[in-house]
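Below is one structure, written out as structure tokens; comments come after it.
The values are calculated or read from the model by the stated rules, or taken from the named source; none is laboratory data. As the structure is a prediction and not an experimental result, all values here were calculated from the model. Heads up, the Cβs are rebuilt from the backbone with ideal geometry, glycines too, and the neighbour counts pull from every protein chain shown. Protein only, heavy atoms only, side chains kept; ligands, DNA and RNA dropped before computing areas. Shrake-Rupley method; radii C 1.70, N 1.55, O 1.52, S 1.80 Å.
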Amino acid sequence: MIKIEQATTASIDVDPQCGFTPLCPNELPINEGDLIAEQLNAQAVFAAYRVVSKDCHPTQAPWIANTPEEVMKPVEGEYPNLDIKWPAHCIVGTKGNNLIPGLPNEVDYDFLVEKGIDPLKHPYGACYHDLAQSESTGLIEWLHEQQIKAVIVGGLATDYCVKTTVLQLSNAGFQIIVNLGACRGVDSETTKVACKEMQSAGVILIASSQELELS
């Protein structure tokens, strides 16, 4: 069991949006992505603060793939804050931008991160607006202001936005626990690689919130 000091712990729901689930099959549907709300809610019980991050994308951007063949191909042109192409997803004002059923309303979270608004930037982690990690979203600063020492993380997807958020927070000095029961990945192989990378950074991986207890 992992002992948690609730007063200095935050829980982060990384991009738990309909656009990353079978609820929006034409976006980026991750298998079982719509089934993580229960575990996200369970891990939040152990935290003094609860955070949520969201992709809030525009309708048009250079990173949007117009055909299935373009998906995950490099973005052509001089775009330093773009890497590969993705299907359009989590567009502001659409169902894909909404949180999955079973989670609190956005206003009920203690801190909300909205990222990916700029069409020329496609960040993955919740801590920075750009791939170079030079433009803060304010999350790290806010966690420090609340005197947070440990962060429990879950969300979508394990091998992209969760992994990047976790490594950003770890680099900022927080103790990180990843609740795999509250995560789902895009691909099984890249998810395995992501888990190894997180563990190498000193991150604790647990199968579910049942491995947590208050100290």
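Seen against the Cα atoms of the chain and their longest principal axis, helix 188-200 is set at about 50 degrees. Charge dipole of the chain (Cα centre as origin; +1 on each Lys and Arg Cβ, -1 on each Asp and Glu Cβ, all else neutral): 300 debye, rounded to the nearest 20.
Taking the chain as a Gaussian network of alpha-carbon nodes connected by springs under 10 Å, the highest mean-square fluctuation of the residues T59, T164, T67 belongs to T67. Placing dummy labels 7 Å off each Cα toward the beta-carbon, the span from S136 to E5 is 2.2 nm. Taking each of K85/K115; K121/K149; K73/K115; K3/K196; K3/K54; K95/K192 in turn, the alpha-carbon distance tops 26 angstrom for K121/K149; K3/K54; K95/K192.
Which entry is the computed Cα extents along the principal axes in Å for this structure: (1) 51, 35, 33; (2) 51, 39, 34; (3) 54, 45, 27? Matching the structure shown: (1).
When the chain is treated as a Gaussian network with alpha carbon springs shorter than 10 Å, the biggest mean-square fluctuation among G173, G155, G19 belongs to G173.
For A88, the residues whose amide H sits under 5 Å from its own are A65, ignoring neighbours fewer than 5 places away on the same chain, with H placed 1.01 Å from N.
Of the accessible area of the range 146-215, computed with a 1.4 Å probe over protein heavy atoms only, carbon and sulfur atoms account for 47 percent. In a simple Cβ point-charge model (Lys, Arg +1; Asp, Glu -1; nothing else charged), the range 116-169 has a dipole of about 180 debye relative to its Cα centre. Ranking V193, F111, N179 by how far each Cα lies toward the positive end of the dipole of the range 90-214 (charges on Cβ) leaves V193 at the top.
Cβ-Cβ distance of K73 and S200, R₀ of 30 Å, FRET efficiency by 1/(1 + (r/R0)^6): the value works out to about 0.60. Placing unit charges on the Cβ atoms of the charged side chains and taking the dipole of the chain about its Cα centre, the candidate lying farthest along the positive direction among W142, P62, V75 is W142. Between V151, V162, V71, the GNM of the chain built on Cα springs shorter than 10 angstrom shows V71 fluctuating the most. Mean residue ellipticity at 222 nm, helices only, the chain: -5000 deg cm²/dmol; runs of at least 4 DSSP H residues each add -39,500 (n - 2.57), and the sum is divided by the number of residues.
Between the beta carbons of Q210 and S188, assuming R0 = 25 Å, the FRET efficiency works out to 0.60 to the nearest 0.05.
Would you work out if the range 40-122 is rounded, prolate or oblate? Take a ≥ b ≥ c from the square roots of the eigenvalues of the alpha-carbon gyration tensor; rounded if a/c is under 1.5, else prolate when a/b is larger than b/c, oblate otherwise. Prolate. In the range 1-147, Cα pairs under 8 Å separated by at least six residues give a relative contact order of 26 percent. Note on the range 133-167 and the range 38-93: Cα centroid distance 15 Å, given to the nearest whole angstrom.
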